[in-house]
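The values are calculated or read from the model by the stated rules, or taken from the named source; none is laboratory data. What you see is a predicted model, and the numbers here were worked out from it, not measured in a lab. Note: ideal-geometry Cβ built from the backbone for every residue, glycine included; neighbour counts use all protein chains shown. Note: accessible area is taken over every heavy atom of the protein model, side chains too, but ligands, DNA and RNA are not part of it. Shrake-Rupley method; radii C 1.70, N 1.55, O 1.52, S 1.80 Å.
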Amino acid sequence: MRLIRTGVGVSAATLLLAGCGGGDDGGGGSGEVVDGGTFTMALSSDPGNLDPQASAASDLFQLSHFAYDSLVFIDSEGEVVSGIAEDWTVDAETVTLTIGDDVTCSDGSPFTASDAAANLNWIADPANQSPFLGVFVPVGVQATADDATNTVTMDLAGPAPFVLEGLAGVPMVCAGGLEDREQLASETLGTGPYELTEAVPSDHYTYTLREGYTWGPDGASTDAEGMPDEIVAQVVGNETTSANLLLSGGLNAAQVLGPDAERLAEEGLFDATVTAVLGEMWFHQAEGRPTADPAVRMALTQAVDLDQLAEVLTSGRGGPGTTFAASAPASCPGDSVSGALPEHDLAAAQQLLDEAGWQVGADGVRSKDGQRLELTFLYDSALGAPGSAAAELVVAAWTELGAEVTTTPKDETAAVETIFGTGDWDVAWIPVNVSSPDQMVPFLSGPTVPDGNNFAAIDNPDYTQLVGEAMTMIGTEGCDTWLEAEAALVRDADVVPFANQDVSFFGSGAEFEVVDVLQPTSIRMVD
């Protein structure tokens, strides 16, 4: 996401709430590299349970990268590079990876091929309800290990055109954590460059450097000059506060989306810029929800000026939505959105509801067969003032359309709990940031929560058919079909990506690279 990344940062949920793409240094590079010290960064919300394979929130996805590694990584150019695995082969039915000989866990134990297989099989078991199943790990995978050769083999149940890209999103848990997962809620047990040494929920999380680490992305190590001795992830729910702390030296890094980004750029701070989906409108189609009616979804979409909405939400620093997998380096760049969107026309939207039997009552609220057009609208509170202003625009349009709208701004952790847990929502702005289109499939089709990741209960036959065709094609050969599949979702107003934004991760007293998340082995403290 990776995962759901509400406020940009998986999700994921982000949902793999999900991820941002390759970062470009936007300037502000500063002085000499200095060894040691503490690197302090902002989190938009508390991640809650720290089990790296059991949640889809982007703040957790970021934290997991400090203490856990994946089998392979994706670099800023979109190339697959080594991680825990030093070599791999892929064919139509199997993936075989060779685990590095000297990879060790934070408890001192070696990380083995059997450990890798156990991780993959745990995620692949539907009973465990990992949000990574079908997103990063293909459904039906069976993994086996040969510890004598240090290889793990994945037997695929069907085509997986971007299987390695998916594995780059899977944090590997060491044997002790697999045996007792309850400890993972508040501790870490992985092979990553840092180890959690202090956790104060809703305040901060401290990670301490591991010596002798040499198996980071493409062989990155903790011996590099400028690596901090510890990382402190501070929970800061307000991005204006984060911006002020950056300027005062209270933070070394923070993601800033709104107007505060302009003043940080003017101060000449270091920044790494990534492309992300910021505005993505989902409609809950479970039985009994008013948005299960296609006419309601289409009318809600048509009643809103999406171009104006994108301008407000991004504070003029973004543009319209383009694809569902827009995070750079995107596997299938293009435009699956603009040609499938209805034209903004409030009168046409009102007529559509009239014809569908949604009649306006004396209080101005429509109803049909005794059901009022009452909508619970969920959005991420971390979007700040631009998010609130954009929400006011849609509420005004939908009220004029004849809906009664209740807004429920929530932080990322609470938003993910709502869409995957209580289900008490009708429209949600939940950007799921991924770089390859197959990673979106479980969110857009298939089993609904709690049995799957399809939190909006979408059932679009055209999308399902086209995905089936695209999955049989190798890598980017299927991109045209993937984009056609996405367009079918927009055409039927199942989900609408309406705003992309170049998002900046600003640095003060430190420089770093962002690929999906801020990469811990790229951090360099500077004077």
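Remarks
- Adding -39500 (n - 2.57) for every DSSP H run of four residues or longer, then dividing by how many residues the chain holds, sets the calculated 222 nm ellipticity at -7000 deg cm²/dmol.
- Just the protein heavy atoms count here, and of the accessible area of segment 317-469 at 1.4 Å, carbon and sulfur take up 50 percent.
- Segment 75-218, dipole about Cα centre (Lys/Arg Cβ +1, Asp/Glu Cβ -1), debye to the nearest 20: 360
- Note that segment 453-527 presents 32 Å² accessible area per residue, ligands and nucleic acids not counted, probe 1.4 Å.
- The label point for Asp91 and the one for Gln351, both projected 7 Å from the Cα toward the Cβ, are 6.0 nm apart.
- Cα-centre dipole for segment 379-527 with unit charges at Cβ (Lys and Arg positive, Asp and Glu negative), debye to 20: 240
- Taking the Cα centre of the chain as origin and assigning +1 to Lys and Arg Cβ atoms and -1 to Asp and Glu Cβ atoms, the resulting dipole is close to 1180 debye.
- Spatially, segment 365-430 and segment 120-162 are offset by 36 Å when compared through their Cα centroids.
- When DSSP beta bridges are restricted to pairs lying wholly in segment 55-188, around 95% turn out antiparallel.
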